[in-house]
Amino acid sequence: MIAMISLLALAAFSVASITGYGYQTWGRVHTFSGGYFFKTDMALSALILLCLALVGLRSKALSLAAVSMAGYLTLLTNTRIAIPLILAIPLLTG
């Protein structure tokens, strides 16, 4: 149940990023913060949701979708510290 809610939250954040909701302009850079005040908070939220989704999902297709959405959101936030975790979390939870 928690895995599906996490997957749904990742999907909602992804839709928000596509529709233009949740962007902030810092200097000359337009970054996605998804309603959070800081972009790092958004990236960590996506990674925590990814952990919850991967632990509970049994479907490979849904797991791949979760990794893809979390990776997309993390890259969109321009949070460099979280980028290695996109690769580490699936390796550690799988």
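How many residues does the range 71-94 contain that are outside any helix (DSSP H, G or I) and either of a type in the set (F, W, Y) or at positive phi (or both)? Write out each step before concluding.
Here is the first cut: in the range 71-94, the ones outside any helix (DSSP H, G or I) are 77-79, 94.
Those still in the list that are either of a type in the set (F, W, Y) or at positive phi (or both) too: 78.
Here the count works out to 1.
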- Message: Restricting to the range 1-12, name every residue that is within 14 Å of A70 (Cα to Cα) and either modelled with pLDDT under 95 or in contact with a helix residue (DSSP H, G or I) (Cβ under 6 Å, 6 or more places away or on another chain) (or both).
- Response: A3, S6, L7, A9, L10
- Message: When you check S68 against the structure, is it part of a helix (DSSP H, G or I), in contact (Cβ under 8 Å) with a residue 24 or more places away in the chain and among the small types (G, A, S), yes or no?
- Response: no
- Task: Select from the range 35-65 the residues that are open to solvent by less than 50 Å² (accessible area, probe 1.4 Å) and either over 16 Å from I86 (Cβ atoms) or part of a strand (DSSP E or B) (or both) and list them in ascending order.
- Result: G56, L57, S59
- Message: Just checking, does the range 19-28 include any residue being touching a residue at least 12 places away in the same chain (Cβ under 8 Å), more than 21 Å from P84 (Cβ to Cβ) and touching a helix residue (DSSP H, G or I) at 6+ places or on another chain (Cβ under 7 Å)?
- Response: yes
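For the range 13-32: of the residues being of a type in the set (A, V, I, L, M), exposed (fewer than 14 other Cβ atoms within 10 Å of the Cβ) and modelled with pLDDT of 85 or more, which is nearest to L76 (Cα to Cα)?
From the range 13-32, those of a type in the set (A, V, I, L, M) are 15-16, 18, 29; that's our starting set.
Applying the additional criterion that residues be exposed (fewer than 14 other Cβ atoms within 10 Å of the Cβ) yields 15, 18, 29.
Checking which are modelled with pLDDT of 85 or more leaves us with 15, 18.
Values: V15: 13, I18: 11 Å.
Top of the filtered list is I18.
The values are calculated or read from the model by the stated rules, or taken from the named source; none is laboratory data. Here the structure is a predicted model, which is why all the values come from computation and not from measurement. Ideal geometry is used to build each Cβ from the backbone, glycine not excepted, and the neighbour counts take in all protein chains shown. Remember, those area values only see protein heavy atoms, side chains included, never the ligands or the DNA or RNA. Shrake-Rupley method; radii C 1.70, N 1.55, O 1.52, S 1.80 Å.
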